[in-house]
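First comes the structure, then the notes that go with it.
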């Protein structure tokens, strides 16, 4: 089911999300959340979507990759590159606003997938940028908090 996107300045976007328990991951409710998030992301032409963007305060994000949608549950960046890039970002929760944000060029992320299996991904470039953007949502941070130079 396509969900309504929560938009700035809604306070729910500023809350730190709660971890998802292993027991929750195996429920029909969780499966439906992931399905709803994926459908919403695709319908809204997003590259990624975090649960807080549909009003759910859980540490879950879905991200479109070249190999399909990846489900990130309780993700944590465990390694970051020293090198950073500045590039333009936008966000479904901040419609019509774009700006330059500095992000790590390469990151290593540990997370559970939609079945509760542990995974580690090394991401570079745009994929790394999208992951960092979505993980920020889980901590109540928006890209507009990190602008290097705002686009008019």
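The values are calculated or read from the model by the stated rules, or taken from the named source; none is laboratory data. These figures come from a predicted structure and were not determined experimentally. As a convention, Cβ positions derive from the backbone with ideal geometry for all residues, glycine included, and neighbour counts pool all protein chains shown.
Name the residues in region 110-148 that are assigned to a strand (DSSP E or B) and either touching a helix residue (DSSP H, G or I) at 6+ places or on another chain (Cβ under 6 Å) or touching a residue at least 60 places away in the same chain (Cβ under 8 Å) (or both), would you?
Correct list: 112, 123, 148.
Can you tell me which residues in region 108-152 are surrounded by 15 or more Cβ atoms within 10 Å (Cβ to Cβ) and closer than 17 Å to residue 66 by Cβ?
Those that are surrounded by 15 or more Cβ atoms within 10 Å (Cβ to Cβ) and closer than 17 Å to residue 66 by Cβ: 109, 121, 123, 127, 128, 129, 130, 131, 134.
State whether one or more residues within region 64-71 are part of a loop (DSSP other than H, G, I, E, B) and either modelled with pLDDT of 95 or more or over 22 Å from residue 6 (Cβ atoms) (or both).
Yes, the conditions are met somewhere in region 64-71.
Restricted to region 9-26, and to residues that are in a loop (DSSP other than H, G, I, E, B) and modelled with pLDDT of 95 or more, which residue is farthest from residue 114 (Cα to Cα)?
9
With the checklist (1) outside any strand (DSSP E or B); (2) surrounded by 14 or more Cβ atoms within 10 Å (Cβ to Cβ); (3) at pLDDT 95 or above; (4) in contact with a strand residue (DSSP E or B) (Cβ under 9 Å, 6 or more places away or on another chain) in hand, flag the one item residue 36 doesn't pass.
Going through (1) outside any strand (DSSP E or B); (2) surrounded by 14 or more Cβ atoms within 10 Å (Cβ to Cβ); (3) at pLDDT 95 or above; (4) in contact with a strand residue (DSSP E or B) (Cβ under 9 Å, 6 or more places away or on another chain) one by one, residue 36 breaks only (4).
Looking at (1) farther than 24 Å from residue 97 by Cα; (2) out of contact with any strand residue (DSSP E or B) (no Cβ under 7 Å at 6 or more places or on another chain); (3) in contact (Cβ under 8 Å) with a residue 12 or more places away in the chain; (4) not in a loop (DSSP other than H, G, I, E, B), which one does residue 1 not meet, given that it meets all the others?
With (1) farther than 24 Å from residue 97 by Cα; (2) out of contact with any strand residue (DSSP E or B) (no Cβ under 7 Å at 6 or more places or on another chain); (3) in contact (Cβ under 8 Å) with a residue 12 or more places away in the chain; (4) not in a loop (DSSP other than H, G, I, E, B) applied to residue 1, the lone miss is (4).
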